[in-house]
């Protein structure tokens, strides 16, 4: 669900878990009152060169235990947001899909839209109190890989007429002008639609109004089997989120992204 600040404000007194995805310093400056902090480092494996890959199960279980998550309550609404227009929030919501929690929403525009709407913001680390003792709350998660793409899936998509690879890096990275890995360029046949074009800085970082026509003009249509990526599956958190919000039935994220693809010597590349 795409949730506006007014909707979230009206729902704060209900059993909604609100998650702010950012570093701790950003969280302390301003957040939705009652939100829980999730730092980006908690969502990635951190192992180079593909440091953005999905973490080990134990790391995810520790994170969701800290959030007091209950796998037996799949109907609990979890709303995520960030301070950048959806990249890290989308990465967290993708993680929810990976653990099988489907009842989630995205606060359109994040903390910028919340503040612009005139609602009070929290300061400091005033998260809801939860036990710091891991023995008090253990979480057992099951991983669903339907939303996850690996190298083999990308290779298949290159040859599949119905496959579409959506590269949300900058045009300079796509063209090989800007280098962030050992090799430059893009995955053969990939469509480049920069993640920056999906959000509107003039509208408090909300998603742009013409998302679906924009995607369709670039050949990113719901009948395709879509795999999206960036450098480390941070920016492509937003493109994955957009696809889900638009109801695209077949969208996955290549979590290795270009940091994996571009640092190998056996993957095909176009310039």
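The values are calculated or read from the model by the stated rules, or taken from the named source; none is laboratory data. Computed from a predicted model, the values in this text were never measured in an experiment. Cβ placement follows ideal geometry from the backbone for every residue including glycine, while neighbour counts extend to all protein chains displayed.
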Sort out which residues of the range 173-204 are in contact with a strand residue (DSSP E or B) (Cβ under 7 Å, 6 or more places away or on another chain) and either part of a loop (DSSP other than H, G, I, E, B) or farther than 19 Å from residue 262 by Cα (or both), and write them in order of number.
185, 187, 188, 189, 190, 193, 198, 199, 200
Look at the range 215-226 and say how many of its residues are closer than 15 Å to residue 192 by Cα and more than 20 Å from the chain's Cα centre (by Cα).
4
Check the range 16-38 and report whether any residue there is free of Cβ contacts under 8 Å to residues at least 60 places away in the same chain, within 22 Å of residue 102 (Cβ to Cβ) and under 18 Å from the mean Cα position of the chain (by Cα).
yes
Going residue by residue through the range 183-204, is there one that turns out to be touching a helix residue (DSSP H, G or I) at 6+ places or on another chain (Cβ under 6 Å), farther than 15 Å from residue 235 by Cα, surrounded by 19 or more Cβ atoms within 10 Å (Cβ to Cβ) and at pLDDT 95 or above?
yes
Quick one: is residue 66 touching a residue at least 12 places away in the same chain (Cβ under 8 Å) and surrounded by fewer than 20 Cβ atoms within 10 Å (Cβ to Cβ)?
yes
Scan the range 216-230 and give yes if some residue there is closer than 25 Å to residue 55 by Cα and assigned to a loop (DSSP other than H, G, I, E, B), otherwise no.
yes
Identify, from the list 82, 97, the residue that is over 17 Å from residue 254 (Cα atoms) and outside the structural domain of residue 239 (by TED's automatic domain parsing).
82
Can you pull out every residue in the range 133-172 that is part of a loop (DSSP other than H, G, I, E, B), free of Cβ contacts under 8 Å to residues at least 40 places away in the same chain and loosely packed, with under 12 Cβ neighbours inside 10 Å?
133, 161
Does residue 229 meet the test of being in contact with a helix residue (DSSP H, G or I) (Cβ under 6 Å, 6 or more places away or on another chain), outside the structural domain of residue 79 (by TED's automatic domain parsing), touching a residue at least 60 places away in the same chain (Cβ under 8 Å) and on the phi > 0 side of the Ramachandran plot?
no
